Amino acid sequence: MSELSGERLLVVSDEVREALDRRRAVVALESTIIAHGLPRPRNLRVAEELEELVRAGGAVPATVAVLDGKPRIGLDKTQLARVAGEDGLRKLGHRDLAPAVAGGASGATTVSGTAFLAARAGIRVFATGGLGGVHREWAQTQDESADLRLLAKERIAVVCAGVKSVLDVPATLQRLETLGVGVLGFRTTRFPGFYLSSSGEPVDWTAGSAAEVADVLRAQDALGGPPSALIVANPVPEAQQLDPALHDRVLAEALTACARDGVRGQAVTPFLLDYLVRHTNGASLEANVAAVRGNARLAAEIARAYAS
Ligand code: PSU
Ligand code: MN
């Protein structure tokens with residue numbers, strides 16, 4: 001393991017370090033989806049599978065987490081197993097990183113935590129499931145994921161299946177526009193709906209291939225100015241999406257249960273995802289995993305096209 005000079009806190013695995021030094025393709029993967037988004041023991045299998053998919057696509061996977069106060073970019077098997085199985089692992093957004101480092105805590109990183117650390121390490125492409133965003137009860141709760149503001153400040157491409165459908169999707173797209181975060185539909189003119197192939201909302205820009213996405217990344221680099229992310233919105237294949245009627249029915253129940261139980265803050269998203277898994281007999285889990293798989297594959301392709 002080596003320490004980045006100037007970024008002494010980050011522990012970048014040898015494999016990731018070497019790939020970055022040689023300008024090879026690297027894909028960052030987040031860990032909150034593993035620790036808090038998917039049920040055990042399936043979560044560890046998915047974590048391993050995502051790394052394998054990235055490798056099969058010709059890129060080096062860099063799963064990000066904080067272990068014993070050390071932000072790690074690239075985990076070995078034991079570390080990945082800790083993320084999937086350790087009790088009491090925290091959920092770390094960008095703002096939680098400093099207290100976690102100072103206190104020697106361990107935690108899984110969200111999109112905001114991961115994008116921040118991956119960008120520090122010089123990684124340009126990142127794959128996840130669905131972004132956080134503006135929650136449906138925003139007017140009452142002011143709950144908007146820290147993912148959005150962080151993505152307005154880091155130059156990283158985030159390959160995702162849109163934003164989680166438990167959110168207010170139009171409001172989230174509006175916030176992304178306000179924050180100046182680019183959104184590219186991948187082979188679609190509709191913004192994906194996470195568990196669903198389409199949210200019904202239009203996107204302004206569409207890319208037809210990984211090479212086209214890489215061209216946009218290079219154009220971002222060339223334009224310079226204050227950095228911001230690029231959201232590559234990659235829909236789950238229709239054959240693998242959650243049945244839309246089932247989705248709408250169970251989601252309505254989940255939102256009611258969330259309000260009734262007084263769930264707030266960081267707990268909201270894991271609560272809703274878990275509710276959907278349990279009340280769709282695991283069908284939402286399959287759609288979620290299918291979405292993340294597709295994103296890991298596409299991210300590897302984009303990272304390769306960008307590196308070449
Ligand atoms: N995508 C998934 N499952 C997840 C998440 C994304 O398929 O659990 C996580 C991401 O880490 C994202 C977080 O950053 O949910 C958003 O949480 P919040 O709404 O509390 O910001
Ligand atoms: Mn929130």
Exercise. State, to one decimal in nm, how far the label point of Q140 lies from the label point of R40, with both points 7 Å from Cα in the Cβ direction.
Key: 3.3
Practice problem: Give me the net charge of G208's neighbourhood, meaning all other residues with Cβ under 14 Å from the Cβ of G208; Lys, Arg count +1, Asp, Glu -1. | Solution: -2
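Could you give the size of the charge dipole of the chain about its Cα centre, using +1 on the Cβ of each K and R and -1 on the Cβ of each D and E, expressed in debye and rounded to the nearest 20? Write down the numbers at each step before the final one.
Details: 34 positive and 36 negative charges, 77 e Å.
Dipole of the chain, to the nearest 20 debye: 380 debye.
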Exercise. For every helix of n ≥ 4 consecutive DSSP H residues, a contribution of -39,500 (n - 2.57) applies; sum these over the chain, divide by its total residues, and give [θ] at 222 nm rounded to the nearest 500 deg cm²/dmol.
Key: -14000 deg cm²/dmol
Exercise. Take the alpha carbon atoms of the stretch 221-293, find their center, do the same for the stretch 93-114, and report the distance between the two centers in whole angstrom.
Key: 22
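Expressed as a rounded percentage, what relative contact order does the chain have, with Cα pairs under 8 Å and six or more residues apart? Please report the intermediate quantities before stating the final value.
Numbers: 662 pairs, mean separation 59.6, N = 308.
It comes to 19 percent, rounded to a whole number.
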Practice problem: Determine the per residue accessible area of the chain with all protein chains present and a 1.4 angstrom probe, expressed in square angstrom. | Solution: 43
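Could you tell me which helices of the chain pass both thresholds, a Cα extent of 30 Å or more along their own axis and a mean Kyte-Doolittle hydropathy of at least 0.0, with helices taken as whole DSSP H runs? Present the calculation step by step, with values, prior to reporting the outcome.
Numbers: long enough: 283-307 (36 Å, 0.34).
Passing helices, by number: 283-307.
Taking 0.36 nm per residue of sequence separation and subtracting the Cα-Cα distance, how much length would be gained by fully extending the chain between S209 and A239, in nm to one decimal? Mind showing how you got there, number by number?
Details: separation 30, 0.36 × 30 = 10.80 nm, distance 2.08 nm.
Contour length minus the Cα-Cα distance gives 8.7 nm.
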Self-check item: Cut-off of 10 Å, at most 16 other beta carbons, DSSP loop: longest stretch of the chain lacking such GluC sites (Glu not before Pro)
Solution: 138-308
Exercise. Note down the nm distance, to one decimal, between modelled labels 7 Å out along Cα→Cβ at D76 and at T178.
Key: 4.6
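How much of the accessible area of the stretch 192-308, probe 1.4 Å, is carbon plus sulfur, in whole percent? Don't skip to the answer; put the middle values down first.
Numbers: 2910 of 5420 Å².
So the carbon and sulfur contribution to the accessible surface is 54 percent.
The values are calculated or read from the model by the stated rules, or taken from the named source; none is laboratory data. Just so it is clear, the model here is predicted, and its values are computed rather than measured. Every residue, glycine as well, gets a Cβ built from its backbone with ideal geometry; the counts of neighbours run over all protein chains shown. Ligands, DNA and RNA are stripped out before the accessible areas are found, and what is left, the full protein with its side chains, is counted by its heavy atoms. Shrake-Rupley method; radii C 1.70, N 1.55, O 1.52, S 1.80 Å.
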